[in-house]
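A.B. asks: Pasting a structure here, questions to come.
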Amino acid sequence: MNTTFSEFQQKLVDIAQLKSAMAALNWDKDVFMPPKGSGPRAAMLSYLAGELHEKVVSREFLDLLRESKAAADSGALSEGESAIVREVWRDVSREEKLPVEFVKELAQVTSEAYLVWVDARQKKEFTLFAPYLKKIVALKRREADLVGFKQSPYDALIDTFEPYATTEEIAAVLGDLRNFLTPFLAKIRNSKANVRREAIAGDFDVEKQKVFCALVAKKIGYDFDAGRLDVSAHPFSTSFHPQDSRITTRYNPKEIIESISGVVHETGHALYEQGLPAKQFGTPLAEAVSHGIHESQSRLWENLVGRSSAFWTYFYPLLRNEFPAAFGNVSLETFYRAINAVEPSFIRVEADEVTYNLHVILRFEIERAMIEGDIAVDELPRIWNSKMKEFLMLDVPDDSLGVLQDVHWSFGGIGYFPTYSLGNLYSAQFFATARRAIPALDEEMARGEFGSLLKWLRENIHVHGKFYSAQDLAKRATGEKLNSKYFSEYITRKYSEIYEL
Ligand SMILES: [Zn+2]
């Protein structure tokens, strides 16, 4: 092995150790930390962030990176090593284009903006948040100028979340998706089929829910010797290493599908992390490709598997046994329809599979126009509300149920939203391919066997880390570039049956 490269790789591992230590402290902060720990914890994290920054900008590290880049360019490194250099080079080059004062200003503005957003949302008053959002948009436009872009400044922002993707490509697939969803949703709304979400209402003991959710996670392949399931205010997943990937959820005593779906979603993220190659820890070859691909793994398990009739053919009898008062008189068919009920609603995170992407497309259109300078921040509530009317036929009653509902803009995460829909599209495309490779998939799932599906995902997605770009990975795994056809077909087949269209 090239000695420069092996020194470089060791530095990457050192950096990853620090990042994992910070992730573990952050996980503890959200799961176990007592209230008085918050001050000292912030100090700990800020100290470690400083150490991390110093390692990343150190002369030694940057020299090793440059020498490794030269080695890669001259063909002295293996394909895998070259991919590592390519990805680190990409990240560092972007960082180097941002002056320290810019980075500090953005951190300052976003940390204030987060608190203002929390307050504005609570008071349902967008005008409180608007001055901060104006600053963030101006900073993000400056970031795009500093980083550089080919066509749209929005390209430069998407790049942080979905490397190598462009505004134009995303606008094309989301445009196709919108053209499919709008008329399909209208058909569902006109259906007379008896699909009632209330059919699954009841009381659900939280301790019993915990046991059931853990059973589901284990059954679909989550390795509890390489992770934990805990409770937090907002469900999330985090990973310190492929051998330690954590998930959390929350439990509502009046609702059980929320916690099961939440756990299956986070398990999907964690299965990806557990499937990354441990021996490459610290390098991009043990990192997820992109936000879109990460979300494809969670949505595949949550929706294509976890809301399918095959999945519930196995799990429903077990669920009914645990909660006979709620489900004793509810048939599998009624239950299956209830958990797949389609109902336009204000809040994205509560949306069903059919309407969810319309929430995302709305945000994508708005933030793209905001960054390209076509709409002003003050116009957002009006534009948001008129799009909600157009897409979902809803009248938004106040800003907390509208433009203020998501945290993303407050932390400067402009360009993040489209990755949620890319995740849905990738998930359907991967699942359709896996189904062709595993002809008995439905029968297997109905018997509670998920191993061959997980194996397919491991071999085609997880094991590659960042070796390929998201686009190349999809092409390699499915034979086609990302498109909305598989998602549209999946939705049409499933919901035509449920809604008797
Ligand atoms: Zn997710």
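The values are calculated or read from the model by the stated rules, or taken from the named source; none is laboratory data. Nothing here was measured: the structure is a model prediction, and the numbers come from that model. We place every Cβ from the backbone using ideal geometry, glycine too, and count neighbours over all the protein chains shown.
A.B. asks: Restricting attention to the stretch 46-76, report how many residues are of a type in the set (Lys, Arg) and exposed (fewer than 12 other Cβ atoms within 10 Å of the Cβ).
C.D. replies: 1
A.B. asks: I need the full set of residues from the stretch 258-312 which are closer than 25 Å to TYR490 by Cα and away from the ligand (no atom under 16 Å from the Cβ), in order please. Before the answer, list the steps.
C.D. replies: First pass over the stretch 258-312, keeping only residues closer than 25 Å to TYR490 by Cα: 258-272, 289-312.
Answer for the stretch 258-312, where residues must be closer than 25 Å to TYR490 by Cα and away from the ligand (no atom under 16 Å from the Cβ): SER308, SER309, ALA310, PHE311, TRP312.
A.B. asks: Would you be able to tell me the number of residues in the stretch 350-397 that are among the basic types (Lys, Arg) and farther than 28 Å from TYR486 by Cβ?
C.D. replies: Matching residues across the stretch 350-397 total 2.
A.B. asks: Now for a different question. Being farther than 26 Å from VAL88 by Cα and outside any helix (DSSP H, G or I) is the filter here, so list the residues in the stretch 23-68 that pass it.
C.D. replies: Correct list: PHE32, MET33, PRO34.
A.B. asks: Mind counting the residues in the stretch 458-482 that are closer than 22 Å to LYS279 by Cα and of a type in the set (A, V, I, L, M, F, W, C)?
C.D. replies: At the first step, the residues of the stretch 458-482 found to be closer than 22 Å to LYS279 by Cα are 458-470, 473.
Narrowing further to those that are of a type in the set (A, V, I, L, M, F, W, C): 461, 463, 467, 470, 473.
Total meeting the criteria: 5.
A.B. asks: Select, from LEU174, LEU185, the only residue that is at pLDDT 95 or above and closer than 21 Å to ASP472 by Cβ.
C.D. replies: Exactly one of LEU174, LEU185 is at pLDDT 95 or above and closer than 21 Å to ASP472 by Cβ, namely LEU174.
A.B. asks: Right, another one. Take SER6 and tell me if it is at pLDDT below 95 and surrounded by fewer than 14 Cβ atoms within 10 Å (Cβ to Cβ).
C.D. replies: No.
A.B. asks: From the residues in the stretch 371-383 that are assigned to a loop (DSSP other than H, G, I, E, B) and more than 26 Å from the chain's Cα centre (by Cα), which one is surrounded by the most Cβ atoms within 10 Å (Cβ to Cβ)?
C.D. replies: So the residue we want is ILE375.
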